[in-house]
Amino acid sequence: MSKWERVSGIVFLFVILACGGAIPHRHRERASSLERKHSLSDVEIDEECLKPISTPLPTDRPLSVSYTVTPLLVLPEYGNSLDVIASLTLPSPKHICAAHRAGVRILSPAEYVDKGDPDPNHNYRGMMNNYWNTTALAEWQSKLETYVKQTGVDGFAHDLEDEFQRGSPMYTGYPIVVQYSNQAVENAVPTGLVVVAVGWSPDAIDGRLYDYLALSRHGFLYVMAYDMASQLWTRCMASSNAPFYSVKHGLNRYLDVGVAREKLVLATGWYGRSYLCSNESPTLDIAFCSYEEKPFRGAPCSDIGARFHSIWETERMVHGQQKELMSAPQWDTTAGTFFINVLWPVNATSGQMGVYQLWYPDLRSLEMQYQMAIEELQIGGLGMWTMTDLSWVTDFDKGRSQAVLTLLGKYAGPPSPPWPRR
């Protein structure tokens, strides 16, 4: 999506401004404790680590892909959990070296490679609107090829979340721009790849009616099966960030429109969302939580105002590591997700307290989705938003984070003992 949420922290505001454009609403993150512990200054750069990975992309197992706002520093704690990092800001040589030494491919955002070019014909969206200008597209492709050769990245990531419909220039132009970026990768690094972030279903989610079949011909589709309460048309009711049957329905709809199953990567959110309940005199034992209208793209209700909670935070809460006045976890069978009710301050200054309903992922809900996607639908891989939602600060955090990575490793990513590939 292109609608903005307020991002806490000056660092990430700077990142957004430095990109010369907008990081989409659905793609934002907090600095992880793990990345704070490790420093880029520890990473050494040499000629070899700035070369793209030369081995072919594996085709005999599901891939593991993580989109990130800032380039992910691949760390020893991640183990063999990742194949691909798709960064939404340009990675530095140290990020590239850290990834390559771990055997992980790293992708740059195609949108920002020539962000300093004053020619409007080279503007990312401008090229889509003027897709018949093959001269401008060929020049852009040449720039992408040069960028790959000079930096050593392994390909490009796309994350367009604009609202447009069938018949618009961008409907036709977006796959063409992706095609040219893919051709640049094939010319510069045949072992590279292109990944395109898409909504949880091809059915015009948030007004994004794209030519998904055409997009899939030139890259993997990273299906963002999170923040799925972005548009609610009936009641403003707190609900799961990724209801199981909706996730499954979305993947099946991509198969229905002809996308090859091996081109689909299911991306789950490693975070939950909490809603301030506006019920009359809500208590911690409520089952249903109504919230005030938060319109988004025509829908009266959305998750725009909901708070964000990384999986490490919710794991601490439900396992007693973080003291909160809250209900016991309740499992929603239809959504395939837990929720809890928590008493929190409504804001930091007034002292007013309110009941929030927090829906969150855990090992049980994640495994249901992983098993469905890989064993039942046999799609091409798994992803997450995002790897930095893990924490390694305390022994408890380390154990829970390793459990999440172990679960991921059962279904996707590089084979890594001691857990077997299913």
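The figures follow:
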read-out: Contacts under 6 angstrom Cβ, first residue in region 262-286 being within 23 Å of Cys301 (Cβ to Cβ) and at pLDDT 90 or above, partner among the β-branched types (Val, Ile, Thr) and part of a strand (DSSP E or B), 6 or more apart; value: Cys277/Val355
read-out: Hits in region 172-199 - residues which are over 17 Å from Lys263 (Cβ atoms), in contact with a strand residue (DSSP E or B) (Cβ under 8 Å, 6 or more places away or on another chain) and surrounded by fewer than 23 Cβ atoms within 10 Å (Cβ to Cβ); value: Val189
read-out: Region 253-268, residues that are open to solvent by 10 Å² or more (accessible area, probe 1.4 Å) and either within 10 Å of Ile379 (Cα to Cα) or in a strand (DSSP E or B) (or both); value: Leu255, Ala260, Arg261, Glu262, Lys263
read-out: Flag for Met368 being open to solvent by 20 Å² or more (accessible area, probe 1.4 Å), of a type in the set (A, V, I, L, M) and out of contact with any helix residue (DSSP H, G or I) (no Cβ under 6 Å at 6 or more places or on another chain); value: no
read-out: Any hit, region 127-142, residues being modelled with pLDDT of 90 or more, within 26 Å of the chain's Cα centre (by Cα) and not in a helix (DSSP H, G or I); value: no
read-out: Matching residues, region 68-83, being touching a residue at least 40 places away in the same chain (Cβ under 8 Å) and either in contact with a helix residue (DSSP H, G or I) (Cβ under 9 Å, 6 or more places away or on another chain) or more than 30 Å from Leu160 (Cβ to Cβ) (or both); value: Thr68, Val69, Thr70, Leu72, Leu75, Glu77, Tyr78, Gly79, Asn80, Ser81, Leu82
read-out: Among the residues listed as Ala31, Ala98, the single one being at pLDDT below 50 and aliphatic (A, V, I, L, M); value: Ala31
read-out: Unmet requirement for Met326, which otherwise passes all of (1) more than 30 Å from Glu262 (Cβ to Cβ); (2) open to solvent by less than 40 Å² (accessible area, probe 1.4 Å); value: (2)
read-out: Tabulated pairs, region 327-353, first at positive phi, second of a type in the set (A, V, I, L, M), C-beta under 8 angstrom, 6+ apart or interchain; value: Gly336/Met368
read-out: Residue count, region 91-111 (criterion: more than 23 Å from Leu221 (Cβ to Cβ) and assigned to a loop (DSSP other than H, G, I, E, B)); value: 3
read-out: Identity of the residue in region 74-107, more than 15 Å from the chain's Cα centre (by Cα) and among the charged types (D, E, K, R), that ends up least open to solvent (accessible area, probe 1.4 Å); value: Arg105
read-out: Output for region 34-54, where each listed residue is open to solvent by 70 Å² or more (accessible area, probe 1.4 Å) and modelled with pLDDT of 55 or more; value: Ser41, Asp42, Glu44, Ile45, Glu47, Glu48, Lys51, Ser54
read-out: Test: residue in region 319-341 that is within 30 Å of Tyr254 (Cβ to Cβ), part of a loop (DSSP other than H, G, I, E, B) and among the β-branched types (Val, Ile, Thr); value: yes
read-out: Qualifying residue in region 227-239 (condition: among the β-branched types (Val, Ile, Thr) and closer than 25 Å to Val148 by Cβ); value: no
read-out: Answer residue from region 243-252, given it is part of a helix (DSSP H, G or I) and closer than 23 Å to His309 by Cα and is least open to solvent (accessible area, probe 1.4 Å) among those; value: Val247
read-out: Evaluation of Lys248 against (1) at pLDDT below 90; (2) touching a helix residue (DSSP H, G or I) at 6+ places or on another chain (Cβ under 9 Å) (one fails), failing number; value: (1)
read-out: Single residue of region 175-217 satisfying the filter (touching an Asp or Glu at 6+ places or on another chain (Cβ under 7 Å), assigned to a helix (DSSP H, G or I) and modelled with pLDDT of 95 or more) that is nearest to Ser246 (Cα to Cα); value: Pro175
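The values are calculated or read from the model by the stated rules, or taken from the named source; none is laboratory data. Here the structure is a predicted model, which is why all the values come from computation and not from measurement. All Cβ positions, glycine included, derive from the backbone under ideal geometry; neighbour counts span all protein chains shown. For accessibility, only protein heavy atoms count, side chains too; no ligands or nucleic acids. Shrake-Rupley method; radii C 1.70, N 1.55, O 1.52, S 1.80 Å.
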